[in-house]
Amino acid sequence: AKQVGKNRYHFFDTEQDEAVSIQRESLDNIRSALERREFVLYYQPKVNMNAGEVIGVEALIRWQHPVRGLVPPLEFLPAIEGHAISLEIGEWVVDTALTQISQWRNMGIDLPVSVNISAYQLQQDNFSARLAELLVAHPDVEPRFLELEILETSALDDVQHISTIMSACMDLGVSFALDDFGTGYSSLTYLRRLPANLIKIDQSFVRDMLTDPDDLAIIEGVIALTKSFKRNVIAEGVETIEHGAALLELGCELAQGYGIAKPMPASDVPAWLNGWEADISWQA
Ligand code: C2E
Ligand code: MG
Ligand code: MG
Ligand code: MG
């Protein structure tokens, strides 16, 4: 029962049987969804507001459900975390992102893609070996076009172990970002000990930064820290020009959020890229 995951412990004993069957049902559903190819990656641009350049896109999974429509990841990923099926989906995500990188490349578009990696996935003993195999299967993709985003979470308990895995992956040529930075308990330990090139300021701090002095202070602190540690920093959840302009003023040039672009199907990306090139309104 332990591997069913943390959420399980919210249920009382009398409800446990029901909870187990709900869990079983969702695992089976998700397995068939993978077999029926119902998962799809959307891509959200990441830009340099100062240079007016697109620096890459983040791949975000959705479930194209025949009845429910487009189901967001937080409605199905938490239920499978820690199960074998989550590893299969994780590999599907990396494989699909690599395929996409090479498809864009064939169209003359050199676009780095970042993918989200769960703590469970990252901590598998064969993680870097599987990544190496996937890279070999896509010989036309330069590994530096792939970035792995990892969440700081209490599940990343063994920092030394994680750091070793990350170094093995970096030897393959891929890079790392620390996602949702500032929301976990161990941000400073992670920043110091994990070899991530990019720190992503969590969107919860960005959302209220214009009105909440505490959130603004956290953002200023994170930007200063990342500079001291010689890492790059990007703000997530940039919803308005005002947020973008304020972040630029604070020295954070990289941004991602609905104010720049919402996640979109791969087929919409080329046209979006053409439109963005003309748009340099951030410094207004
Ligand atoms: P994340 O990696 O922090 O991704 C950012 C999330 O914020 C995405 O939600 C994105 O659509 C949303 N977002 C982007 N800009 C804005 C904004 O300006 N305002 C607001 N309110 N939201 C914004 P999404 O796609 O629902 O994904 C949620 C989380 O699910 C992701 O958070 C990530 O942790 C996880 N996830 C998504 N795809 C995958 C995947 O392929 N594998 C794994 N393991 N996790 C994934
Ligand atoms: Mg992410
Ligand atoms: Mg994030
Ligand atoms: Mg998040």
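The values are calculated or read from the model by the stated rules, or taken from the named source; none is laboratory data. Given the structure is predicted, the values throughout are model-derived calculations rather than measurements. Ideal geometry is used to build each Cβ from the backbone, glycine not excepted, and the neighbour counts take in all protein chains shown.
Any chance you could count how many residues in region 60-86 are of a type in the set (A, V, I, L, M), within 16 Å of the chain's Cα centre (by Cα) and not in a helix (DSSP H, G or I)? Show your work before the answer.
Residues of region 60-86 that are of a type in the set (A, V, I, L, M), as a first pass: 60-61, 67, 70-71, 74, 77, 79-80, 84-85.
This time we only want the ones that are within 16 Å of the chain's Cα centre (by Cα), so: 60-61, 74, 77.
Now drop any that are not not in a helix (DSSP H, G or I), which leaves 60-61.
Qualifying residue count, region 60-86: 2.
Hey, can you tell me all the residues within region 11-48 that are modelled with pLDDT of 95 or more, surrounded by 14 or more Cβ atoms within 10 Å (Cβ to Cβ) and assigned to a loop (DSSP other than H, G, I, E, B)?
Glu38 - this is the single residue of region 11-48 that is modelled with pLDDT of 95 or more, surrounded by 14 or more Cβ atoms within 10 Å (Cβ to Cβ) and assigned to a loop (DSSP other than H, G, I, E, B).
Given (1) more than 18 Å from Pro265 (Cα to Cα); (2) buried (at least 19 other Cβ atoms within 10 Å of the Cβ); (3) of a type outside the set (S, T, N, Q), identify the lone condition not met by Val94.
(1)
Among the residues of region 55-87, write down those that are touching a Lys or Arg at 6+ places or on another chain (Cβ under 8 Å) and over 20 Å from Ala177 (Cβ atoms). Before you say what the answer is, go through the steps one by one.
Let us first name the residues in region 55-87 that are touching a Lys or Arg at 6+ places or on another chain (Cβ under 8 Å), namely 55-58, 70-73, 85.
Leu70, Val71, Pro72, Ile85 - these are the residues of region 55-87 that are touching a Lys or Arg at 6+ places or on another chain (Cβ under 8 Å) and over 20 Å from Ala177 (Cβ atoms).
Suppose we filter region 143-164 for residues that are within 16 Å of ligand 3 (Cβ to nearest atom), in contact with a Gly (Cβ under 9 Å, 6 or more places away or on another chain) and in a strand (DSSP E or B); how many remain?
Number of matching residues: 2.
What pairs come up if the first residue lies in region 171-184 and is within 26 Å of Leu98 (Cβ to Cβ), the second is of a type in the set (Lys, Arg) and within 12 Å of ligand 2 (Cβ to nearest atom), and their beta carbons are under 6 Å apart, counting only those six or more places apart or on different chains?
That search, which allows pairs on different chains as well, returns Ala177/Lys200; Asp179/Lys200; Phe181/Lys200.
Restricting attention to region 164-180, and to residues there that are of a type outside the set (A, V, I, L, M, F, W, C) and either closer than 13 Å to Leu148 by Cβ or exposed (fewer than 14 other Cβ atoms within 10 Å of the Cβ) (or both), which single residue is nearest to ligand 1 (Cβ to nearest atom)?
Pass one, region 164-180, residues of a type outside the set (A, V, I, L, M, F, W, C): 164, 167, 171, 173, 175, 179-180.
Pick out the ones that are also either closer than 13 Å to Leu148 by Cβ or exposed (fewer than 14 other Cβ atoms within 10 Å of the Cβ) (or both) and you get 164, 167, 171, 173, 175, 179.
On the way: Thr164: 20, Ser167: 21, Asp171: 23, Gly173: 21, Ser175: 16, Asp179: 5 Å.
Top of the filtered list is Asp179.
Which residues, taken from region 41-98, are more than 16 Å from ligand 3 (Cβ to nearest atom), polar (S, T, N, Q) and closer than 13 Å to Val115 by Cα?
Of everything in region 41-98, just one residue is more than 16 Å from ligand 3 (Cβ to nearest atom), polar (S, T, N, Q) and closer than 13 Å to Val115 by Cα, namely Thr96.
Can you name the number of the only condition in (1) more than 16 Å from ligand 2 (Cβ to nearest atom); (2) at pLDDT 90 or above that Leu60 fails?
(1)
Filter region 166-204 down to residues that are modelled with pLDDT of 95 or more and more than 16 Å from the chain's Cα centre (by Cα) and give me whichever is nearest to ligand 4 (Cβ to nearest atom).
The residue in question is Cys169.
Return a yes/no flag: does region 126-142 have any residue that is part of a helix (DSSP H, G or I), farther than 23 Å from Thr99 by Cβ and either touching a residue at least 60 places away in the same chain (Cβ under 8 Å) or more than 16 Å from ligand 4 (Cβ to nearest atom) (or both).
Taking every residue of region 126-142 in turn, none turns out to be part of a helix (DSSP H, G or I), farther than 23 Å from Thr99 by Cβ and either touching a residue at least 60 places away in the same chain (Cβ under 8 Å) or more than 16 Å from ligand 4 (Cβ to nearest atom) (or both).
From (1) of a type outside the set (A, V, I, L, M, F, W, C); (2) under 30 Å from Ile241 (Cβ atoms); (3) within 16 Å of ligand 3 (Cβ to nearest atom), pick out the condition that doesn't hold for Asp110.
Going through the list (1) of a type outside the set (A, V, I, L, M, F, W, C); (2) under 30 Å from Ile241 (Cβ atoms); (3) within 16 Å of ligand 3 (Cβ to nearest atom), Asp110 breaks only (3).
Exactly one of (1) away from ligand 2 (no atom under 16 Å from the Cβ); (2) buried (at least 20 other Cβ atoms within 10 Å of the Cβ); (3) under 22 Å from Val47 (Cβ atoms) is unmet by Ile109. Its number?
The one condition Ile109 does not meet is (2).
Pairs please, first residue from region 228-241 and under 16 Å from Ser175 (Cα atoms), second anywhere and of a type in the set (D, E, K, R) and within 12 Å of ligand 1 (Cβ to nearest atom), Cβ atoms under 6 Å, 6+ apart in sequence or on different chains.
As it stands, the answer is Ile234/Lys200, since those pairs meet every condition given.
Given the options Ala33, Ala79, name the one that is touching a Gly at 6+ places or on another chain (Cβ under 9 Å) and over 30 Å from Pro195 (Cβ atoms). Give the derivation first.
On the way: Ala33 fails: touching a Gly at 6+ places or on another chain (Cβ under 9 Å).
Selected residue: Ala79, the only one of Ala33, Ala79 that is touching a Gly at 6+ places or on another chain (Cβ under 9 Å) and over 30 Å from Pro195 (Cβ atoms).
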